[in-house]
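The values are calculated or read from the model by the stated rules, or taken from the named source; none is laboratory data. All values reported here derive from a predicted model rather than from experimental measurement. Cβ sites come from the backbone with ideal geometry, for glycine too, and all protein chains shown count toward neighbours.
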């Protein structure tokens, strides 16, 4: 089967799970708080299949890039039956509406916690603190000083300029801070001690504060098998919360760095990138696929809380203003804000799609 077909299949699986969980959050909280639900749909557009149970129409629609839950009275202009007014969304106190709007993102984050916790319990977690990597060379980059000097994969660096080295961290620090000075690197190869004189080459490295000149010789750290430790449910769940929180912080920092220019907007991806990632992780196995679902779930949960009209965060912004002003925002102003928000979302999607196409058809860039 062609890889593109795998990517499409796994993409539908990943997006389907994420959207289902997100909308399930809205649905369950609305039901629990006594708000009527008209439709629960996976996907947008024309209905493919569906069934009405009670007052709610459950359906799968044609376009899988999303989904929605339609609540009674969600649109302030719609006509509501008199017996349904008390169960309409707009008739609810602000705290209930806030809970329903937050529920989608909460469920996405909770899904990540569940996935990480199950992996921690079934597969295990790395030891804490993580073991130091040995000073064994795991790979040689072609064309760089190490290859030209004759270093080989599997060589163990034992000293640099007469200073004993046993950990990869120490080895990397010495080379990065060498300022281009020629180094005498002593290695052990098949029981034989060999010396190599190597002059590091300058390289632009990325740091949290921006680009910085560092020096490299073109050797890579070894890929060592780390024995995972199986843990009980309480430790696994606790670790699951920590892992979810760490990814949340990472995403928030990345968003800030996008605005400050520390991260290029070219890194923003859309459906094609997600499909490629889903295909790659799906081929590796269910474990990798579910880790991807967890990470994307955190992304979806956070992005949906952005204060952009049409997103959950935009609706929360309206509720915040309603609380401050002590009256609902006028329908006219909300419509204008929704239209602006829709334009912003469409432009972001076009930009992400453009980045996807450039990465797919020009993986090396345009060359200028």
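Can you tell me which residues in the stretch 64-77 are surrounded by 12 or more Cβ atoms within 10 Å (Cβ to Cβ) and farther than 19 Å from residue 25 by Cα? Full working, then the answer.
The first filter runs over the stretch 64-77 and keeps only residues surrounded by 12 or more Cβ atoms within 10 Å (Cβ to Cβ), leaving 64-76.
Selection gives 75, 76.
Just wondering, is there one or more residues in the stretch 290-304 that are touching a helix residue (DSSP H, G or I) at 6+ places or on another chain (Cβ under 7 Å), loosely packed, with under 15 Cβ neighbours inside 10 Å and either in a helix (DSSP H, G or I) or assigned by TED's automatic domain parsing to the domain that holds residue 24 (or both)?
So far as the stretch 290-304 goes, no, none of its residues is touching a helix residue (DSSP H, G or I) at 6+ places or on another chain (Cβ under 7 Å), loosely packed, with under 15 Cβ neighbours inside 10 Å and either in a helix (DSSP H, G or I) or assigned by TED's automatic domain parsing to the domain that holds residue 24 (or both).
Residue under question is residue 286, and the condition is that it be surrounded by fewer than 12 Cβ atoms within 10 Å (Cβ to Cβ) and either under 26 Å from residue 94 (Cα atoms) or under 20 Å from the mean Cα position of the chain (by Cα) (or both); does it hold? Give the steps one after another, and end with the answer.
On the way: surrounded by fewer than 12 Cβ atoms within 10 Å (Cβ to Cβ): yes; either under 26 Å from residue 94 (Cα atoms) or under 20 Å from the mean Cα position of the chain (by Cα) (or both): yes.
It is true that residue 286 is surrounded by fewer than 12 Cβ atoms within 10 Å (Cβ to Cβ) and either under 26 Å from residue 94 (Cα atoms) or under 20 Å from the mean Cα position of the chain (by Cα) (or both).
Table: residues versus (1) loosely packed, with under 14 Cβ neighbours inside 10 Å; (2) under 27 Å from residue 86 (Cβ atoms); (3) in contact with a strand residue (DSSP E or B) (Cβ under 6 Å, 6 or more places away or on another chain).
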position: 17; (1), (2), (3): no, no, no
position: 21; (1), (2), (3): no, no, no
position: 24; (1), (2), (3): no, yes, no
position: 29; (1), (2), (3): no, yes, no
position: 33; (1), (2), (3): no, yes, no
position: 40; (1), (2), (3): no, yes, yes
position: 51; (1), (2), (3): yes, yes, yes
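Restricting to the stretch 78-124, name every residue that is touching a strand residue (DSSP E or B) at 6+ places or on another chain (Cβ under 6 Å) and surrounded by fewer than 20 Cβ atoms within 10 Å (Cβ to Cβ). Outline the logic, then answer.
Going residue by residue through the stretch 78-124, those that are touching a strand residue (DSSP E or B) at 6+ places or on another chain (Cβ under 6 Å) are 89, 124.
Matches in the stretch 78-124: 124 only.
Condition first: in a strand (DSSP E or B) and in contact with a helix residue (DSSP H, G or I) (Cβ under 8 Å, 6 or more places away or on another chain). Now tell me which residues in the stretch 52-77 satisfy that. Before you say what the answer is, go through the steps one by one.
Restricting attention to the stretch 52-77, the residues satisfying the condition of being in a strand (DSSP E or B) are 52-53, 56-71.
Answer for the stretch 52-77, where residues must be in a strand (DSSP E or B) and in contact with a helix residue (DSSP H, G or I) (Cβ under 8 Å, 6 or more places away or on another chain): 64, 65, 66, 67, 68, 69, 71.
Taking the stretch 319-368, which residues are loosely packed, with under 10 Cβ neighbours inside 10 Å and either modelled with pLDDT under 75 or not in a helix (DSSP H, G or I) (or both)? Spell out the reasoning first.
Kept after step one, since they are loosely packed, with under 10 Cβ neighbours inside 10 Å, are these residues of the stretch 319-368: 324-327, 332, 361, 363-368.
Passing the criteria: 326, 327, 361, 363, 364, 365, 366, 367, 368.
Among the residues that make up the stretch 32-51, is at least one of them out of contact with any helix residue (DSSP H, G or I) (no Cβ under 8 Å at 6 or more places or on another chain), outside any strand (DSSP E or B), modelled with pLDDT under 90 and more than 21 Å from residue 304 (Cα to Cα)?
Within the stretch 32-51, not a single residue is out of contact with any helix residue (DSSP H, G or I) (no Cβ under 8 Å at 6 or more places or on another chain), outside any strand (DSSP E or B), modelled with pLDDT under 90 and more than 21 Å from residue 304 (Cα to Cα).
Answer yes or no as to whether residue 268 is in contact (Cβ under 8 Å) with a residue 60 or more places away in the chain and either surrounded by fewer than 13 Cβ atoms within 10 Å (Cβ to Cβ) or in contact with a helix residue (DSSP H, G or I) (Cβ under 7 Å, 6 or more places away or on another chain) (or both). Talk me through it step by step, then tell me what you get.
Numbers: in contact (Cβ under 8 Å) with a residue 60 or more places away in the chain: yes; either surrounded by fewer than 13 Cβ atoms within 10 Å (Cβ to Cβ) or in contact with a helix residue (DSSP H, G or I) (Cβ under 7 Å, 6 or more places away or on another chain) (or both): yes.
Against the criterion (in contact (Cβ under 8 Å) with a residue 60 or more places away in the chain and either surrounded by fewer than 13 Cβ atoms within 10 Å (Cβ to Cβ) or in contact with a helix residue (DSSP H, G or I) (Cβ under 7 Å, 6 or more places away or on another chain) (or both)), residue 268 qualifies.
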